[in-house]
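Here's the structure, in structure tokens; my notes come after.
The values are calculated or read from the model by the stated rules, or taken from the named source; none is laboratory data. Here the structure is a predicted model, which is why all the values come from computation and not from measurement. For neighbour counting, all protein chains shown are included, and Cβ atoms are generated from backbone atoms with ideal geometry for every residue, glycine included.
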Amino acid sequence: MIYVDAQPKPDTFEKKVRQKGLAWLRKNKIALDQPLPPGTNIKPYWRDCLDDMHASYNGCCAYLAVFFERATGGGSVDHFIAKSQRADLAYEWSNYRLSCSKMNSRKRDSADVLDPFEVETGWFHLELVSGRIFPNPKLQGKQQKAVKATIDRLGLDGAGNREMRARHYQQYLDNQYPAIFLKKQSPFVWMEAKRRGLL
């Protein structure tokens, strides 16, 4: 995971998502300042801004820090503060994180995942050859535990993710694509390679 710079909401968001969503909540008498009643399914108007999110965040998953093609249909809007906990944030751009579907499904309603908008550069480290991700050893107590909890919750160090990161770096080494492409395709790998003076 790397720091993600929060982007301004698109001009169309208010009409396409927020106004419709809040109107639906009011119509169905759902309190805005309370968790959703158990079993409540609300209208997923946030899906109407997914193309805008993909464009605003350069198609990069906020948690896995890799680019995914919008055409695959694999992207999703993650509500950083879960809809079940805050109905009033269900239709707020500031609560959305662009996520690949797998990371979103792993995070679910968990509150132990670090916010990509607040995580600091260098908290997560990477072994470039193996693709292993781990907390910066210099982090102290609570910060190191929070990074480790995020890695564990999202499965960031799973075999598939390790292989992907290692492959991205190896493809760069093999001159299959230049550093500028690595930066777009796998920005965490690019940042770690740059930090180590390998670019």
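Give me the pairs, please: first residue somewhere in region 29-53 and without any contact (Cβ under 8 Å) to a residue 24 or more places away in the chain, second residue anywhere and surrounded by 13 or more Cβ atoms within 10 Å (Cβ to Cβ) and not β-branched (Val, Ile, Thr), beta-carbon distance under 6 Å, and either six or more positions apart or on two chains.
Hits for this filter: 43/24.
Where residues in region 164-183 are closer than 19 Å to residue 68 by Cβ and of a type in the set (D, E, K, R), which of them is surrounded by the fewest Cβ atoms within 10 Å (Cβ to Cβ)?
167
Here is a list of conditions, (1) crowded, with 16+ Cβ neighbours inside 10 Å; (2) under 24 Å from residue 53 (Cα atoms), and residue 131 meets all of them except one; can you say which number that is?
Every condition holds for residue 131 apart from (2).
A quick yes/no check of all residues on (1) in contact with an Asp or Glu (Cβ under 9 Å, 6 or more places away or on another chain); (2) free of Cβ contacts under 8 Å to residues at least 60 places away in the same chain:
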| position | (1), (2) |
| --- | --- |
| 89 | no, yes |
| 92 | no, no |
| 96 | yes, yes |
| 101 | no, yes |
| 111 | no, yes |
| 115 | no, yes |
| 122 | no, no |
| 125 | yes, no |
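Yes/no matrix, rows are residues, columns are (1) modelled with pLDDT of 95 or more; (2) within 23 Å of residue 113 (Cβ to Cβ); (3) not hydroxyl-bearing (Ser, Thr, Tyr):
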| residue | (1), (2), (3) |
| --- | --- |
| 5 | yes, yes, yes |
| 60 | yes, yes, yes |
| 69 | no, no, yes |
| 72 | no, no, no |
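Within region 93-100, does at least one residue satisfy the condition of being at pLDDT below 95 and not assigned by TED's automatic domain parsing to the domain that holds residue 149?
yes
Going by the conditions given, is residue 51 more than 22 Å from residue 18 (Cβ to Cβ) and surrounded by fewer than 17 Cβ atoms within 10 Å (Cβ to Cβ)?
In short, no.
Could you list, in sequence order, the residues of region 7-29 that are crowded, with 18+ Cβ neighbours inside 10 Å and under 25 Å from residue 187 (Cα atoms)?
Hit for region 7-29 is 9, nothing else.
Go over the candidates 32, 36 one by one and state the one that is part of a loop (DSSP other than H, G, I, E, B), surrounded by fewer than 16 Cβ atoms within 10 Å (Cβ to Cβ) and of a type in the set (A, V, I, L, M).
Just a single option satisfies the conditions, and that option is 32.
Scan region 63-86 residue by residue and report those that are farther than 26 Å from residue 14 by Cα and not in a loop (DSSP other than H, G, I, E, B).
67, 72
Can you name the condition, by its number, that residue 73 falls short on among (1) of a type in the set (Gly, Ala, Ser); (2) free of Cβ contacts under 8 Å to residues at least 12 places away in the same chain; (3) in contact with a Cys (Cβ under 7 Å, 6 or more places away or on another chain)?
Among (1) of a type in the set (Gly, Ala, Ser); (2) free of Cβ contacts under 8 Å to residues at least 12 places away in the same chain; (3) in contact with a Cys (Cβ under 7 Å, 6 or more places away or on another chain), the lone unmet condition for residue 73 is (3).
For region 112-141, give me each residue that is over 19 Å from the mean Cα position of the chain (by Cα), closer than 28 Å to residue 85 by Cα and at pLDDT 95 or above.
Filtering region 112-141 for residues over 19 Å from the mean Cα position of the chain (by Cα) gives 127-130, 136-141.
Checking which are closer than 28 Å to residue 85 by Cα leaves us with 141.
Listed by number, the list is empty, since nothing qualifies.
Name the helices (runs of 4 or more DSSP H) wholly within region 87-190 that hold at least 3 residues that are of a type in the set (Gly, Ala, Ser)?
Result: 141-154, 159-173.
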